Amino acid sequence: MPYPAGRHFLQIPGPTNVPDRVLRAISAPTIDHRGPDFGTLATEVLGALGPVFGTTRPVVAYPSSGTGAWEAALVNTLSPGDRVLAFETGHFATLWRELAGNLGLDVDFVPGDWRHGVDPDVVRDKLRADRDIKAVCVVHNETSTGVTSRIAEIRRAIDDADHPALLLVDTVSSLGSVDYRHDEWGVDVTVSCSQKGLLLPPGLGFNAVSAKALLAAETATLPRSYWDWRPILAANERGFFPYTPPTNLLYGLKESLAILQEEGLPQVFARHERHAAATRAAVRAWGLEVLCLDEREHSPVLTAVLVPDGHDADKIRALILDRFNMSLGTGLGRLAGRVFRIGHLGHLNDVSLAGTLAGVQMGLELAGVPVDPSGITAALSVLGQP
Ligand SMILES: Cc1ncc(COP(=O)(O)O)c(C=O)c1O
């Protein structure tokens with residue numbers, strides 16, 4: 001295989017393209033994680049994380065993937081047999097449910113069609129009917145479907161039911177790309193990780209923790225050791241960790257938080273909304289269907305596109321990779337072969353998105369999918385607005 005000319009287009013919904021500035025930061029020499037320079041670095045980086053989560057409280061950072069951060073949220077706050085309310089919004093909600101079941105939690109899993117987010121009315125009704133539920137688990141942005149649940153409305157539903165359950169929210173594919181407010185929305189644990197909106201390679205997991213969640217951690221009895229927030233928060237106060245931390249990823253995080261801050265979070269969120277609108281304009285003009293069915297729930301970070309009957313989404317993706325050196329997201333779980341996902345998050349500008357959509361259009365045409373070529377023009381008219 002010859003070395004491909006030009007850059008690979010990594011248009012999956014995470015891991016995302018890592019900016020050169022972040023890559024350079026990560027390549028600095030590793031330092032003593034018990035020395036004074038590390039203490040200064042970690043204090044600064046952990047302190048800078050709060051605004052992205054919308055919290056003034058500490059955020060726990062683990063050397064882990066998002067799955068580890070899911071587990072951490074559960075084992076710190078819950079006890080064996082506790083009842084948990086969760087919603088089948090897609091593949092990742094299903095995986096979190098399985099993890100909770102493996103830990104010995106009793107999950108009430110509300111079925112879903114993978115085309116809608118969590119219905120706040122169902123949250124209210126379920127909680128009114130069951131005072132024993134200890135936690136409500138919601139995936140903010142379902143990466144398998146491109147549907148974003150409305151966390152502020154879910155919070156209001158919990159309050160309407162006057163229910164003491166904890167609210168645990170997965171922001172793995174929304175944090176740093178979609179407006180999110182841990183404190184204002186009364187979220188108890190926000191789960192996230194590094195490889196999507198935070199512009200980093202995989203390897204860091206996060207839990208933002210409310211005072212109520214910390215209190216729950218005092219009485220929760222699920223076994224925990226590595227994931228236990230308490231020794232980590234105690235060591236973090238001096239800028240250290242109870243184990244060897246991923247020093248170079250923390251260099252990268254310092255840089256990526258600076259990049260987000262320089263653009264401004266409101267501008268970052270608006271850019272993602274605009275890119276999502278341009279992508280939907282293209283999909284609809286092609287004559288194809290966006291998977292998400294509710295206008296209030298379209299994901300700003302990815303669009304899942306249904307392929308017409310008789311076509312295999314994975315064959316189209318393979319053709320686009322081979323011919324145009326661009327990776328698109330595969331259909332996960334029950335959506336395998338039926339959708340492809342266009343990631344439009346992270347380190348992305350208008351021209352990169354235009355190139356992405358041009359590649360998708362050419363790929364669809366080459367695969368014999370009947371599409372109207374006005375798709376790309378429809379996207380450009382959104383992107384080119386003054
Ligand atoms: C919404 C969501 N939650 C959880 C995960 C799991 O994260 P990880 O693969 O880093 O363990 C993912 C992964 O893409 C995700 O998109």
For the range 183-224 the number of residues that are more than 22 Å from residue 249 (Cβ to Cβ), in a loop (DSSP other than H, G, I, E, B) and of a type outside the set (D, E, K, R) is 8
Within the range 162-173, restricting attention to residues that are within 15 Å of the ligand (Cβ to nearest atom) and under 15 Å from residue 137 (Cβ atoms), which residue is most open to solvent (accessible area, probe 1.4 Å)?
172
I'd like the full set of residues that are in a helix (DSSP H, G or I) and surrounded by 24 or more Cβ atoms within 10 Å (Cβ to Cβ), limited to the range 287-316.
313
When both residues are 6+ apart or on different chains and their Cβ atoms are under 8 Å apart, which pairs have a first residue that lies in the range 61-79 and is among the polar types (S, T, N, Q), and a second that is open to solvent by less than 10 Å² (accessible area, probe 1.4 Å) and assigned to a helix (DSSP H, G or I)?
64/72; 76/213; 76/217; 76/229; 77/213; 77/217
Of all residues in the range 124-151 being more than 18 Å from residue 181 (Cα to Cα), in contact (Cβ under 8 Å) with a residue 12 or more places away in the chain and among the small types (Gly, Ala, Ser), which is farthest from the ligand (Cβ to nearest atom)?
135
Sort out which residues of the range 46-99 are under 21 Å from residue 118 (Cα atoms), within 14 Å of the ligand (Cβ to nearest atom) and among the aromatic types (Phe, Trp, Tyr), and write them in order of number.
70, 87, 92, 96
Residue selected from the range 14-49 under the condition free of Cβ contacts under 8 Å to residues at least 40 places away in the same chain and among the small types (Gly, Ala, Ser), by the criterion most open to solvent (accessible area, probe 1.4 Å)
47
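State the number of residues belonging to the range 1-13 that are part of a loop (DSSP other than H, G, I, E, B) and surrounded by 18 or more Cβ atoms within 10 Å (Cβ to Cβ). Write out each step before concluding.
If we filter the range 1-13 for residues that are part of a loop (DSSP other than H, G, I, E, B), which is where we start, we get 1-8, 12-13.
Then drop every residue that is not surrounded by 18 or more Cβ atoms within 10 Å (Cβ to Cβ), which leaves 12-13.
Qualifying residue count, the range 1-13: 2.
Is there a residue being within 16 Å of the ligand (Cβ to nearest atom) and of a type outside the set (A, V, I, L, M, F, W, C) anywhere in the range 216-227?
yes
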Could you tell me how many of the residues in the range 355-375 are closer than 21 Å to residue 6 by Cα, touching a residue at least 60 places away in the same chain (Cβ under 8 Å) and of a type in the set (A, V, I, L, M, F, W, C)?
2
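The values are calculated or read from the model by the stated rules, or taken from the named source; none is laboratory data. Remember, predicted model here, so these are calculated numbers, not experimental data. As a convention, Cβ positions derive from the backbone with ideal geometry for all residues, glycine included, and neighbour counts pool all protein chains shown. Protein only, heavy atoms only, side chains kept; ligands, DNA and RNA dropped before computing areas. Shrake-Rupley method; radii C 1.70, N 1.55, O 1.52, S 1.80 Å.
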